[in-house]
Ligand code: DC
């Protein structure tokens with residue numbers, strides 16, 4: 001499984017140029033395809049969902065030229081789909097699936113529409129029922145009410161039906177109404193759509209109506225629930241069409257600004273007060289939590305309030321997608337946040353209410369989940385947020401939302417590439433504006449004094465300290481206790497993954513028992529360097545080490561801190577001493593503790609461990625090109641600590 005590890009973030013600042021809106025991109029593509037004439041669409045979103053729509057239109061015979069830099073020229077087919085027969089695969093793109101279903105059902109051909117397995121669990125029966133009222137012939141090759149769909153040419157005599165009243169349910173997905181409205185001009189007849197049940201996610205319908213108007217079709221509205229398409233309505237290419245930036249994508253960066261503890265905050269470009277997307281109102285919700293919001297015609301900025309965010313109760317029916325971002329922002333608010341009227345979350349890319357509740361729970365939030373609401377109580381000082389491995393359920397919004405949770409604790413985000421559905425470049429932007437807690441990586445051979453130096457540097461800076469060697473020692477010890485052979489890579493890595501270890505003020509506990517001394521025995525020292533050579537053991541311990549990377553900062557000591565565990569560390573130190581000096585120090589230590597010391601044996605053992613650590617194929621001990629060399633042959637501990645601290649001050653001043 002792929003993953004992305006995020007350290008705890010401590011601040012956010014900067015500005016982000018957001019990609020085009022998904023909702024607008026897919027509607028504009030379809031309208032341009034159906035229109036009479038040529039449309040040049042600018043700032044079209046490049047993502048999985050829009051790629052599915054583009055591929056589908058190409059399969060249907062619509063010509064599209066890629067002009068580069070997000071610009072496309074679409075040759076409209078003036079209401080007649082060129083391909084009379086086609087099979088379309090639409091992935092998990094709800095906007096593409098629902099709107100193409102409606103368009104093809106009212107076109108004149110035989111079509112099959114399929115998607116990924118989750119798409120086959122997302123209901124579409126209400127749209128099919130509405131289209132059948134217009135004479136469409138739609139069958140379910142799989143489960144009734146769900147994709148895939150088979151559309152047959154309408155029977156003679158039913159050609160061009162319309163001119164009547166069609167009813168469609170509006171309380172499951174607004175995309176049913178959107179699909180129907182977009183497709184109705186194909187009938188050429190005056191048709192009225194009446195929505196039954198309370199219409200949810202209304203702002204998405206407003207986008208549909210606005211875009212239809214830009215393509216020349218004005219829908220008449222009677223009250224809240226009734227829409228009439230005039231007779232002989234037809235789409236006309238507007239020539240040029242600019243896609244504004246995605247307001248749902250903006251929500252992550254606005255939330256970053258609100259939790260990111262800087263006055264500068266985070267600014268998003270391309271979407272603002274002039275937006276036609278309902279999700280711009282996320283900014284109001286965030287302001288309700290106390291965030292400072294500024295807005296221009298095409299930009300927004302959020303920054304953190306001096307006294308922190310506070311929990312709110314909000315009906316989020318109007319911002320169903322961006323409301324997910326609120327659920328994660330709730331981790332940083334005082335008190336509970338209650339997000340209501342979000343039943344549609346259950347039929348999205350995943351059951352988002354269940355997924356959100358489960359993953360927030362992993363961080364230590366208390367979450368109450370109802371059929372159509374979620375109530376989040378954040379972790380507190382007594383029960384701080386825990387480092388966690390977050391599952392994303394192949395849901396782009398889960399991955400993007402949970403990146404924000406890295407301000408609470410270090411995280412591993414599984415399958416981060418699922419963001420490609422709507423925002424392939426998301427994490428590249430995220431790491432530019434979110435700033436991690438600092439980390440100093442100190443590597444070096446055994447008995448070089450790096451443990452003592454690292455712990456003192458950490459104490460001087462008030463940082464956390466990671467003794468990564470102790471983890472390999474713990475695995476060796478746990479294996480001995482459990483009767484697992486030190487050669488058994490699979491057995492060792494299983495132990496490493498489930499290690500019940502705690503580090504408390506210089507004491508180490510294994511399964512609740514203090515093992516600080518046992519870890520330092522010669523047998524365990526030697527076994528640790530053997531178990532550490534197994535890639536599966538190292539992989540199993542990777543996130544456990546990164547989980548130490550918390551605010552206000554970390555000093556990590558080991559063999560591969562700079563190369564593998566914290567490759568982005570702003571300061572890397574390779575702390576070493578000659579084998580003779582190290583052997584001498586070890587002898588002195590043993591003698592001071594009243595133990596015997598065989599100088600020759602100690603030197604030989606030390607060289608053997610060096611050899612194993614340096615020459616193993618995975619994560620060998622070596623000085624990274626960007627690491628500073630701290631040779632302690634002629635330095636005492638105090639001088640080594642002073643040097644490391646001097647380098648840290650220098651690093652910080654250069655970064656500023
Ligand atoms: O630092 P130490 O002596 O406590 O480490 C014990 C062993 O663990 C050492 O022989 C090599 C291994 N180790 C490692 O492979 N990678 C690390 N980051 C730390 C230790």
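Read-outs throughout are calculated quantities, based only on the coordinates presented, and are distinct from any laboratory measurement. On a predicted model such as this, the values are computed, not experimentally measured, just so you know. When we count neighbours, we look across all protein chains shown, and the Cβ atoms used for this are built from the backbone with ideal geometry, even at glycine.
For the chain, treating each Cα as an identical point scatterer without solvent, what Debye log10 I(q)/I(0) comes out at q = 0.11 1/Å?
For the requested q values the scattering log ratios are -1.04.
Shape of region 30-112 from its Cα gyration tensor (a ≥ b ≥ c, root eigenvalues): rounded if a/c is under 1.5, otherwise prolate when a/b > b/c, or oblate?
Working: a/c = 2.03, a/b = 1.26, b/c = 1.61.
Oblate, because a/c is 1.5 or more while a/b does not exceed b/c.
Looking at the chain only, what percent of DSSP beta bridges run antiparallel? Nearest 5 please. Please list the in-between numbers first.
Details: 52 of 95 bridges.
Antiparallel: roughly 55 percent of the beta bridges in the chain.
Put one equal scatterer on each alpha carbon of region 567-618, apply the Debye formula with no solvent term, and list log10 I(q)/I(0) at q = 0.18, 0.31 1/Å to two decimals.
-0.70, -1.15
Once fully extended, how much extra length lies between residue 69 and residue 194, figured as 0.36 nm per residue of separation less the alpha-carbon to alpha-carbon distance? Display every interim value, and only then the final one.
Values: separation 125, 0.36 × 125 = 45.00 nm, distance 4.05 nm.
Extending this stretch completely gives an extra 40.9 nm.
Could you give the distance between the Cα centres of region 477-510 and region 280-354, to the whole Å?
Using only Cα atoms to place each centre, the spacing works out to 42 Å.
Calculate for the chain the 222 nm mean residue ellipticity that helices alone would give, adding -39,500 (n - 2.57) per DSSP H run of length 4 or more and normalising by residue count, nearest 500 deg cm²/dmol. Could the numbers behind the result be given before it?
On the way: 20 runs with 232 residues, N = 656.
Per the formula, -11000 deg cm²/dmol.
Report the per residue volume, in Å³, of the convex hull enclosing the C-alpha atoms of region 439-571. Write down the numbers at each step before the final one.
Working: hull volume 13.2 nm³, N = 133.
Looking at region 439-571, the number lands at 99 Å³ per residue.
In degrees, nearest 10, range 0 to 90: what is the angle between the Cα axis of helix 174-183 and the longest Cα principal axis of the chain?
50 degrees
Using only the alpha-carbon atoms, how far is helix 450-461 inclined from the longest principal axis of the chain? Give it as 0 to 90 degrees, nearest 10.
Value to nearest ten degrees: 60.
Rounded to the nearest 5, what is the percent of antiparallel bridges among the DSSP beta bridges in region 121-226? Could the numbers behind the result be given before it?
On the way: 5 of 10 bridges.
That works out to approximately 50 percent antiparallel.
At what distance in angstrom do the alpha carbon centres of region 434-473 and region 238-262 lie from each other?
When both Cα centres are located, 39 Å separates them.
For a quick protection proxy, order the peptides 72-79, 15-22 by their average other-Cβ count within 10 Å, most packed first.
15-22, 72-79
What FRET efficiency comes out for residue 629 versus residue 240 if R0 is 41 angstrom and r is the Cβ-Cβ distance? Round to the nearest 0.05. Display every interim value, and only then the final one.
On the way: r = 59 Å, r/R0 = 1.44.
Plugging the Cβ-Cβ distance into 1/(1 + (r/R0)^6) gives 0.10.
How large are Rg and Dmax for region 158-227 when calculated on the C-alpha trace, in angstrom?
11.5, 34
Among the DSSP beta bridges whose two residues both lie in region 311-462, what percent are antiparallel, rounded to the nearest 5?
Details: 8 of 14 bridges.
Looking only at bridges with both residues in region 311-462, the antiparallel portion is about 55 percent.
Take the alpha-carbon centre of region 49-85, take the same for region 629-655, and report the distance between them in whole Å.
Spelled out, the Cα-based centre of one part sits 61 Å from the other.
Rounded, prolate or oblate, given the Cα gyration tensor of region 198-343, with a/c below 1.5 counting as rounded?
On the way: a/c = 3.65, a/b = 1.76, b/c = 2.07.
Oblate.
Can you put 549, 242 in order of Cβ neighbours within 10 angstrom, beginning with the fewest?
Details: 549 26, 242 14.
Ranking 549, 242 by Cβ neighbours within 10 Å, fewest first, gives 242, 549.
In what sequence, highest mean first, do 472-484, 597-609 appear when ranked by Cβ atoms within 10 angstrom?
Working: 472-484: 20.6, 597-609: 14.9.
The most tightly packed comes first, giving 472-484, 597-609.
In units of 2.2 N^0.38 Å, what is the alpha-carbon radius of gyration of region 457-519?
Compactness ratio reported: 1.22.
Mind sorting 572, 189 by how few other Cβ atoms lie within 10 Å of their own Cβ, fewest first? Intermediate results must be reported in sequence, preceding the final value.
On the way: 572 24, 189 18.
Lowest count first: 189, 572.
Subtracting the Cα-Cα distance from 0.36 nm times the residue separation, let me have the gained length for residue 121 to residue 568 in nm, one decimal.
Values: separation 447, 0.36 × 447 = 160.92 nm, distance 4.14 nm.
Here the segment from residue 121 to residue 568 would lengthen by 156.8 nm.
What residues of region 556-585 lie in the reach of a label at residue 460, counting those whose backbone N is under 16 Å from a point 7 Å from the Cα along Cα→Cβ?
556-557, 571-576
How long is the gain from residue 42 to residue 165 if the chain were fully straight, where each residue apart is worth 0.36 nm and the alpha carbon distance is subtracted?
So the chain would gain 40.7 nm between residue 42 and residue 165.
Relative to the compact globular guide of 2.2 N^0.38 Å, what is the alpha carbon radius of gyration of region 532-656, as a ratio?
Details: Rg = 16.6 Å, N = 125, 2.2 N^0.38 = 13.8 Å.
Against the compact-globule rule of thumb, the ratio is 1.20.
Can you divide the C-alpha Rg of region 343-415 by 2.2 N^0.38 Å and report the result to two decimal places? Display every interim value, and only then the final one.
On the way: Rg = 11.9 Å, N = 73, 2.2 N^0.38 = 11.2 Å.
Dividing the Cα Rg of region 343-415 by 2.2 N^0.38 Å gives 1.06.
Say a paramagnetic label sat at a point 7 Å from the Cα of residue 366, along Cα to Cβ; which residues of region 310-339 have their backbone N under 17 Å from it?
311-312, 330-339
Please give the helix 48-59 orientation as an angle from the longest Cα principal axis of the chain, in degrees from 0 to 90, rounded to the nearest 10.
Orientation of helix 48-59: about 40 degrees from the principal axis.
Assuming a viscosity of 1.306 mPa s and a temperature of 10 °C, what translational diffusion coefficient in µm² per second does Stokes-Einstein assign to region 190-269, Rh being the Kirkwood radius over Cα pairs? Before the final figure, lay out each step's value.
Details: Rh = 15.8 Å.
Answer from the Stokes-Einstein relation: 101 µm²/s.
Order these peptides, 101-111, 551-561, by their mean beta-carbon neighbour count within 10 angstrom, highest first.
Working: 101-111: 23.1, 551-561: 24.8.
Result, highest mean Cβ count within 10 Å first: 551-561, 101-111.
Points 7 angstrom from Cα along the Cβ direction at residue 431 and residue 263: gap in nanometres?
Placing both labels 7 Å beyond Cα along the Cβ direction yields 3.1 nm.
Taking the beta-carbon count within 10 Å as an exposure proxy, list 461, 645, 44 from fewest neighbours to most. Intermediate results must be reported in sequence, preceding the final value.
Working: 461 18, 645 15, 44 30.
Going from sparsest to densest Cβ surroundings: 645, 461, 44.
What shape does region 317-364 take by its C-alpha gyration tensor, where a ≥ b ≥ c are the square roots of the eigenvalues and a/c under 1.5 counts as rounded, a/b above b/c as prolate, and the rest as oblate?
Numbers: a/c = 2.27, a/b = 1.31, b/c = 1.73.
Because a/c hits 1.5 or more and a/b fails to exceed b/c, region 317-364 counts as oblate.
Would you report the distance distribution of C-alpha pairs in region 59-172 as whole percents per 5 angstrom bin, up to the bin with the largest distance?
2, 11, 20, 22, 19, 13, 8, 3, 1, 0
Of all the Cα-Cα pairs you can form in region 303-435, what percent are over 20 Å apart?
On the way: 3640 of 8778 pairs.
Everything past 20 Å amounts to 41 percent.
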